[in-house]
Every structure is written in structure tokens, then in C-alpha cells.
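Colleague: Just passing along the structure, written as C-alpha cells.
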Amino acid sequence: MSRIIADKVCKQYRPTGRFSRKSSAPWALREVSFSVGPGEMFGVVGANGAGKSTLLRLLGGVGKPTTGSIEVSGRIGALLDLGGGFLGDLTGRENAVLAGVVAGLLKQEIEERLAAIAAFAELEDFIDQPVRTYSTGMIMRLAFAVAVHTDPEVLLVDEFLSVGDLAFQAKCNARIKLLRDGGCAIVMVSHGMDSVRQLCDRVLWLKSGEVAALGSAEVVAGLYETEMREETLRRTPDGPARSSGGLELVPRENRFGTFEIEIDSVNFSPGTLLRSGEPLAVTLAYHSKGTVPAPVFVVSITREDGAVCLDTSTHLAKVDIPDVQGAGQIVFSIDRLDLAAGSYFLDVGIFESEWKHAYDYHWHVYPFSVEGAPAHKGILAPPCHWRLGGHTD
Ligand SMILES: Nc1ncnc2c1ncn2[C@@H]1O[C@H](COP(=O)(O)OP(=O)(O)OP(=O)(O)O)[C@@H](O)[C@H]1O
């Protein structure tokens, strides 16, 4: 069950000013699909103008996708515009009650929580003062405290907005983790890859409104950092698009990396049809020009909607990989691929030993389909059996 399902979401703001007549406005989001389950922390990363806030706003019900759909189930706690909705002449207490009611709580329910809200926001002495006398930090603390005390089942947070002093930030993060452990689905726009790695389960990387990558936090943070690193170093990837086995590998589109090691070939043809329950073996052939210390090899299988089915690496499997130089190959095999029928992607890559950046990562280059699976719902479809035992009268 998912709390959030975004399906091919596109957003184009109504043309104004320079886009009014001659050309149409650019797309702020284009064909963005993903789902977030209960208890999942879903990060959204991307450069300025990539579409992160637009996505968060749409998830919070502010505006509608131009095309595509968004389904959110459960009470939403949105920290989109911290304190922006507060009325200056009302006291902190009155604003908290109003915000709680808007979030869907009964007046009495929110009143019962006021002491906890004021304590969390560290505003006990100021809660009966008008909000116009508050500093920006105090307003943000109050807004955050209200949002996390309304039992949200979905929480939308922009990390930038949740900053207070470091101690308060740590308290917010702890609270967010608590909510996650209680089954809240959290979408967090993140700006630092360290916090992405620490907090998020999965990450969506938006680039000019499109999905650049979607997968486990480590992989996507590594890919993003690769690109940022290249940008900071003003470094262009070696070589133009390369063709391999009929595939077009385009740097920064479906191939990310610094290419100190390159994946030369993968023995997996795009469009392969697999039968559920069959074994799978993938051989990566690679080469490096210089010596590369203990790289991490990664294989990931995602469903078409971005759900991670398998995400593994030599690091997780504790396989000892020596320093690499020259050409070599590595084989990854699964005894049974018990996937439900559907469409999937196999992604492969090689990362720096500490996951700091990708050497070479092939993103959604190898689509495949699975058929012949038992008719279960969900991602896994292993052979299953039912046995009714005994009778109760
Ligand atoms: N209200 C608006 N009207 C018109 N265009 C908008 C509006 N809001 C955002 N955009 C445009 O949509 C695109 C995505 O913007 P958005 O603010 O969602 O990106 P972002 O990733 O959140 O950026 P940042 O990190 O700078 O906040 C940009 O090109 C931006 O100019």
C-alpha cells in the first residue's frame, strides 16, 4: 500500500511575462512518477529550479498537475511555507489552534496538545503573545511543532525551512524519525547529500523537471555528487555518447560517472523477457586506466514506478574487492528472481569505495519484463502454498 502515488506528473505554470505569447512556459515537472509507502523517508534532490518545490506543493494539494495524477492518502502535515499562513494579530496559541484545525484535527484535540506544542517549539513564555512579535525563527519553530503534533500520515518537508539552531534541528530530525517509525510517509526536499544518506530510504533526483535518477539513497546521492563534482571541477565526461550492443549511452542522461573505471559491456540485452523464478546472471566487463582503490560494484532492480525491488552491492555483500587496474569482469547472480509480472529496469554501476561518487553508472539502460509469475499482488511473486489445518467449531 502506498501513501503517495505520483503518476506521470507534468506541471507547466500558466504563461506570464516573457513566456506569454511567443513561446510556452517551460515545464516545471515532466513525467514524474514514484510512490512512497508508509514509514518511508523519500528524499528529493536537484539543482535550483529543478522542480523540487513545485513537486512538494503539488503533493500538498497546492495547485494541480497540468497532466498526470497525484494520490495522497492520509492526513497531510505540510511544512511548505513555515508559518506563512499565520495571522500576525493572533497569538501563537490561537494560530496553533487554527493551523491544527486546518490540518484536520478537532479544536479540542489540538487544545489538548497545546502544552506539548509550546514546549516543543520552546515558546512556553511567548505562546500568548501576538505572532507579529515573533522572530522568523520562532514562527518556524511554532509551525514545525504544530505540523508534527497533528498525527500526520504524510509529512512534506523542505529541509531548508526546518533549520533553526543546530540543537533545534536535531530535535526536528529526531521527531521526523519518530513519525517515520510510526508509519508516516515523509517526503523531504534535501540539500545536503550527507543528510540524504543519513535520513532517506530512497531518493528522487530531479533535473530540469525530469527524473534524472530514482533509487536507494546511497546510489542516487552518489550519482548526484558525481554530477556536482564534475560541475565544480568544470569537467566534461570523457568522450561523447557511446554505443554498446545497440545501446546509446549518453553521459548525464543514462550514464553518470567520472569514468576512472568504465563499464565496457553488460551481458543483458535491453527488452529481455524473463520468467519469474528463473535465475539471473549478469556479467559486467570493465576497464580502468590507472589504479582505482577498492571500488564498489552495484546492481539494482527497480519497477517501472520506481519501487526498489533489489539494491545490492559488493559493499553490502561484504565481498572483498581489491584495487583495480586494467580490464576485468565481475559476475552477479541471483538464484531465483521471484518477481511479479511487469516491467523493470536493471541498473548497474561502479562507485568510489566510500560511495562518494560514481565511476560509471548505467541508469535505466536495461529494461526487462517478467512473465509467468503466480497472480499475487506486490513486488514478490514466489511460489506459495495454502494449507487449511483443523477445524474450529
Ligand atoms: N509560481 C510560479 N510561476 C511560474 N514559474 C514558476 C513558479 N514556481 C516555479 N516556477 C518555475 O518552475 C521551475 C521549477 O521551480 P521550483 O521552484 O519548483 O524549483 P526548485 O527545485 O524548488 O528550486 P530551488 O531549489 O531554487 O527552490 C523553475 O523554472 C521556476 O522558475
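The values are calculated or read from the model by the stated rules, or taken from the named source; none is laboratory data. The structure presented is a predicted model; accordingly, all values stated were derived computationally and were not measured. Here the Cβ positions follow ideal geometry from the backbone for every residue, glycine too, while neighbour counts run over all protein chains shown.
Colleague: Scanning region 260-276 for residues that are touching a Pro at 6+ places or on another chain (Cβ under 8 Å) and part of a loop (DSSP other than H, G, I, E, B), which turns out modelled with the highest pLDDT?
Modeller: Filtering region 260-276 down to residues touching a Pro at 6+ places or on another chain (Cβ under 8 Å) leaves 261, 270-271, 276.
Cutting the leftovers down to part of a loop (DSSP other than H, G, I, E, B) gives us 270-271, 276.
Working: PRO270: 85, GLY271: 87, SER276: 93.
That would be SER276.
Colleague: If HIS149 passes every condition in (1) in contact with a helix residue (DSSP H, G or I) (Cβ under 6 Å, 6 or more places away or on another chain); (2) surrounded by fewer than 16 Cβ atoms within 10 Å (Cβ to Cβ) but one, which one does it miss?
Modeller: Condition (2) is where HIS149 drops out.
Colleague: Any residue in region 174-186 that is touching a Lys or Arg at 6+ places or on another chain (Cβ under 8 Å) and assigned to a helix (DSSP H, G or I)?
Modeller: no
Colleague: Tell me, which residue of region 59-70 that is within 16 Å of the ligand (Cβ to nearest atom) and in contact with a strand residue (DSSP E or B) (Cβ under 6 Å, 6 or more places away or on another chain) is nearest to ALA6 (Cα to Cα)? If you could, list the steps in order and put the result at the bottom.
Modeller: Restricting attention to region 59-70, the residues satisfying the condition of being within 16 Å of the ligand (Cβ to nearest atom) are 59-68, 70.
Remaining after also requiring in contact with a strand residue (DSSP E or B) (Cβ under 6 Å, 6 or more places away or on another chain): 59-60, 65-68, 70.
Working: LEU59: 8, GLY60: 12, PRO65: 10, THR66: 13, THR67: 11, GLY68: 8, ILE70: 4 Å.
Per the stated criteria, the residue is ILE70.
Colleague: From the list CYS184, CYS200, CYS172, which residue is of a type in the set (A, V, I, L, M, F, W, C) and at pLDDT below 90?
Modeller: On the way: CYS184 fails: at pLDDT below 90; CYS200 fails: at pLDDT below 90.
Exactly one residue qualifies, and that residue is CYS172.
Colleague: Separate question: Among the helices (runs of 4 or more DSSP H) confined wholly to region 65-167, which include 2 or more residues that are in contact with a Gly (Cβ under 7 Å, 6 or more places away or on another chain) and in contact (Cβ under 8 Å) with a residue 24 or more places away in the chain? If you could, list the steps in order and put the result at the bottom.
Modeller: Working: elements: 92-102, 107-112, 114-120, 136-148.
Where helices (runs of 4 or more DSSP H) fall fully within region 65-167 and carry at least 2 residues being in contact with a Gly (Cβ under 7 Å, 6 or more places away or on another chain) and in contact (Cβ under 8 Å) with a residue 24 or more places away in the chain, they are 136-148.
Colleague: Okay, next question. Just checking, which of PRO270, PRO251, PRO279 is in contact (Cβ under 8 Å) with a residue 60 or more places away in the chain and not hydrophobic (A, V, I, L, M, F, W, C)?
Modeller: Criteria check complete, one pass: PRO270.
Colleague: Of the numbered conditions (1) of a type in the set (A, V, I, L, M); (2) more than 18 Å from the chain's Cα centre (by Cα); (3) closer than 30 Å to SER69 by Cα; (4) crowded, with 17+ Cβ neighbours inside 10 Å, ALA307 satisfies every one except a single condition; which is it?
Modeller: Only one criterion in (1) of a type in the set (A, V, I, L, M); (2) more than 18 Å from the chain's Cα centre (by Cα); (3) closer than 30 Å to SER69 by Cα; (4) crowded, with 17+ Cβ neighbours inside 10 Å is unmet by ALA307, namely (2).
Let's see how each residue does on (1) more than 16 Å from the ligand (Cβ to nearest atom); (2) modelled with pLDDT of 90 or more; (3) surrounded by fewer than 17 Cβ atoms within 10 Å (Cβ to Cβ):
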site: LYS8; (1), (2), (3): yes, yes, yes
site: GLN12; (1), (2), (3): no, yes, no
site: LEU29; (1), (2), (3): no, yes, no
site: PHE34; (1), (2), (3): no, yes, no
site: VAL45; (1), (2), (3): no, yes, no
site: VAL72; (1), (2), (3): yes, yes, no
site: GLY92; (1), (2), (3): yes, yes, no
site: GLU111; (1), (2), (3): yes, yes, yes
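Colleague: When you check ASP194 against the structure, is it of a type outside the set (Phe, Trp, Tyr), at pLDDT 90 or above and away from the ligand (no atom under 16 Å from the Cβ), yes or no?
Modeller: So ASP194 fails the test.
Colleague: Given the conditions (1) crowded, with 20+ Cβ neighbours inside 10 Å; (2) farther than 19 Å from LEU223 by Cβ; (3) under 23 Å from the mean Cα position of the chain (by Cα), which single one is not true for TYR361?
Modeller: The one condition TYR361 does not meet is (2).
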